[in-house]
Each structure stands twice: as structure tokens, then as C-alpha cells.
Amino acid sequence: MNAKIVLLPGDGIGPEVTEEGRKVLAAVGQKFGHEFSFETHPIGGNAIDDFGDPLPEATLEACRKSDGILLGAVGGPKWDDPTAKTRPEAGLLKIRKELGLFANLRPITTHEFLLDSSPLRREIVEGTDILFIRELTGGIYFGESKIEQNEDGSETATSTMVYSTHEVERVVRIAAKAAQGRGGHLTSVDKANVLEASRLWRKVAERVVKEEFPDLKYDVVLVDAMAMHLISRPSTFDVVVTGNMFGDILTDEGSMLPGSMGLLPSASIGSDGPGLYEPIHGSAPDIAGLGIANPLATILAAAMLLRHSLSMEEEAVAIEKAVDAVLAAGHRTKDLAKENEVALGTIEMGEKVLAELSR
Ligand code: IPM
Ligand code: MN
């Protein structure tokens, strides 16, 4: 099969980890007899520097025409000025919206041999395997937003959380289907005791599940309680679906469970068209250019691209198994290495995965 893959390396460690993802995709293409072509385009801070726009039109066009998109990370202190006309993050929000990528899948799995790297005790994290599904193109990140001058010279800023029936239905359906294919347990997270948008979320989610997925074990948890349960009993969750901001926050919290953010991939998908795949971690400007970033999250994101956008399950599993084998063999990048362990660099870690794939 032929597939056009767009690479959006972005800022900070983005280019370093994306390059390892590309190599792994190319190797899988060779191994399984596929023709993957790669095109690289700017996004984020570097795109602001070069084109004055965090998502240049040419980047968006190339993405629309592709079969799948692999992104590194965007942002950094250089573009953090709150008075700046635009920000790197705006490019990411726009590409999600433009491509209709309303569901963000963030699996949080723990590896047996890394349990002791978790900040939580082994007996708490053991067995944790959660698929977070975050609504990605609605809610407070896309509602009306404004800042106004008051007469006394002070200012008032407004950000609005907006959800409509259709937006909740489609993301809950994706989550419910995923739960059917996993442990059969779906948890919806909201703040319905306070927010009107959450009360609609809860009503619609419950109806969709009751009518269309009656076989699921279904429960509802308030977001503040969820923040607590996630570190007290993470292994009791299966699929968790929630709105944009709650999902943003809870998945950062959840990403600490397996020991390092450097291991977690994510997929952003819509009802059709290419999906966008990226590591959960950010651009890590403090270690950019040092060649020490962990490429495994991006490599695992490449596996998700194969699975969700190209229907290449076997190829995706090959990557996931290779990563497992590399970790099982004790190879660690700096984020995972204990004091007495040798830490591999980004490229060396990529090479370990490639070697495993070519076995
Ligand atoms: C994420 C990031 C983005 C978000 C930022 C960079 C806009 O934090 O993917 O979680 O908030 O969605
Ligand atoms: Mn985030």
C-alpha cells in the first residue's frame, strides 16, 4: 500500500523525536512492503518566525492531502510573550479544528519493568491500563473568548465553555466503541454539579450509552474527584471520556503514572480524513538540541498512525512489541534511567527499536 505521511516536527525536542518516528515508519514500510512517502512542514513557533503564522496555509493543505500526520511538539519560552499577536499553541488548536479531529485518544499503560519509575507506589499503579478520550475541538478552548477594558482601567476577560448535543454524542460513541473492544467499562467525567455545559454533557452521554451501548458498565465521576481517584486507584478505570479542558488536565496527571511522559503517544481523529499523531509531552525547551529526549512516545504515536489512519494493525503491533522488547532489555533514556544506569541518547534509543524491528 502507498501512504503519504506528513511530518510536523515543530519546536524544541520535536524535530529530534519526529526524526526517530520517521525512521521507524520507514523501516516498517520496508519490512511489510509498503511505500511510505514523507513530507515535512512547519508548525508552531518556528513557523511564526519564518512565516508569521503558527499554521501556514501550505502546511494545512499538505495535511489535508495526506493519509496521516506525525507531529513532534510546539511552543517554547521564545514565543511565550502574552502580548504577542499569535502563539505556537494556536497552530495546534487550529489544525485540530480545521481537520475536524474531535476525539483525542491518550492511552495510559504501565510497563511491568518500569513500575518502580512511577512516583506512585508499585501496588497502586500496577495493572493500570486506561484509554483517555478527550473531546478536542469544543468546550472552553473554542468557546467565545474576549478581553474588555473596564471604566476604572482594569480589565475583564471571558472564556466560555460551550457544548452541544452533537459534539457530545460523537465523542461518547467513539469512547463507548473503544470500551466494547477493551474491558467493557466506560467512565464519563464532568462537573455537572456546577456547569451547565457539563449537565448537558452528562445527559447526552448517559442517553447514548443507555440506548446504543447497554452492555457497557457505565459510571460518571466529577472531575475534582477524578483527579483524586486517578492517583489513588488508577487501575480501576478502563475507558474515560471527558471534555476538552478536563481531558487536557487529567491526561497530564495520568501521564505521570507510568513513570515518564516520554512514553505516551496520542491520536487525534475525526469522522474521516487523516488523523494527527503526537507524543503527549511538550517541546521540552530545557533539553532541546541535547540529543537526550526520549523518542519512544513519538515512535508509539507512529504505531497509532498505522493502526488508526492506515488500518495496519499488524504493523502497529510490530512497533509496540519492539518498544516493549527494548524496555524489557533494560534500555533507558535519561528520563527513565536510574542513577546507576547508562542513559541512551535519542538516536541510540531509536536505533534499539530499529534493531528490534529488523529481527
Ligand atoms: C495538549 C497541549 C495543547 C492543549 C496546547 C499546546 C494547546 O497542552 O495537547 O494537551 O492544551 O491541547
Ligand atoms: Mn495539555
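Go through region 203-255 and report how many residues are away from ligand 2 (no atom under 16 Å from the Cβ), among the β-branched types (Val, Ile, Thr) and without any contact (Cβ under 8 Å) to a residue 60 or more places away in the chain.
So the count comes out to 6.
Report, by residue number, each residue of region 199-223 that is assigned to a helix (DSSP H, G or I), open to solvent by 90 Å² or more (accessible area, probe 1.4 Å) and closer than 23 Å to residue 250 by Cα.
Hits for region 199-223 are 199, 203.
Being in a strand (DSSP E or B), farther than 26 Å from residue 286 by Cα and assigned by TED's automatic domain parsing to the domain that holds residue 249 is true for just one of 148, 169. Which residue is that?
That would be 148, the only listed residue that is in a strand (DSSP E or B), farther than 26 Å from residue 286 by Cα and assigned by TED's automatic domain parsing to the domain that holds residue 249.
Can you name the helices (runs of 4 or more DSSP H) wholly within region 279-358 that have at least 2 residues being among the aliphatic types (A, V, I, L, M) and under 21 Å from residue 10 (Cα atoms)?
So the answer is 296-309, 346-357.
Could you list, in sequence order, all residues of region 151-163 that are open to solvent by 60 Å² or more (accessible area, probe 1.4 Å) and either part of a loop (DSSP other than H, G, I, E, B) or under 30 Å from residue 131 (Cα atoms) (or both)?
Listed by number, the residues that qualify are 151, 152, 159, 162.
Evaluate region 320-336: report whether one residue or more is of a type outside the set (D, E, K, R), modelled with pLDDT of 95 or more and either within 30 Å of residue 101 (Cα to Cα) or within 16 Å of ligand 2 (Cβ to nearest atom) (or both).
Yes: one or more hits.
Condition check ((1) in the same structural domain as residue 81 (by TED's automatic domain parsing); (2) free of Cβ contacts under 8 Å to residues at least 60 places away in the same chain; (3) within 19 Å of residue 99 (Cβ to Cβ); (4) open to solvent by 50 Å² or more (accessible area, probe 1.4 Å)) across all residues:
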site: 9; (1), (2), (3), (4): yes, no, yes, no
site: 14; (1), (2), (3), (4): yes, no, yes, no
site: 35; (1), (2), (3), (4): yes, yes, no, yes
site: 39; (1), (2), (3), (4): yes, yes, yes, yes
site: 43; (1), (2), (3), (4): yes, yes, yes, no
site: 50; (1), (2), (3), (4): yes, yes, no, yes
site: 58; (1), (2), (3), (4): yes, yes, yes, yes
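Residues in region 235-243: is at least one away from ligand 1 (no atom under 16 Å from the Cβ), aromatic (Phe, Trp, Tyr) and either in the same structural domain as residue 190 (by TED's automatic domain parsing) or in a strand (DSSP E or B) (or both)?
The answer is yes; a qualifying residue exists.
Filter region 309-329 for residues that are touching a residue at least 60 places away in the same chain (Cβ under 8 Å) and open to solvent by 50 Å² or more (accessible area, probe 1.4 Å); which is farthest from residue 267 (Cα to Cα)?
Going through the qualifying residues, I end up with 328.
With respect to the numbered conditions (1) open to solvent by less than 10 Å² (accessible area, probe 1.4 Å); (2) away from ligand 1 (no atom under 12 Å from the Cβ); (3) farther than 19 Å from residue 71 by Cα, which one is the sole condition not fulfilled by residue 247?
Condition not satisfied by residue 247: (2).
Of all residues in region 346-359 being more than 23 Å from the chain's Cα centre (by Cα) and among the small types (Gly, Ala, Ser), which is nearest to residue 260 (Cα to Cα)?
355
The values are calculated or read from the model by the stated rules, or taken from the named source; none is laboratory data. Please read all numbers here as calculations on a predicted model, not as lab measurements. Heads up, the Cβs are rebuilt from the backbone with ideal geometry, glycines too, and the neighbour counts pull from every protein chain shown. Protein only, heavy atoms only, side chains kept; ligands, DNA and RNA dropped before computing areas. Shrake-Rupley method; radii C 1.70, N 1.55, O 1.52, S 1.80 Å.
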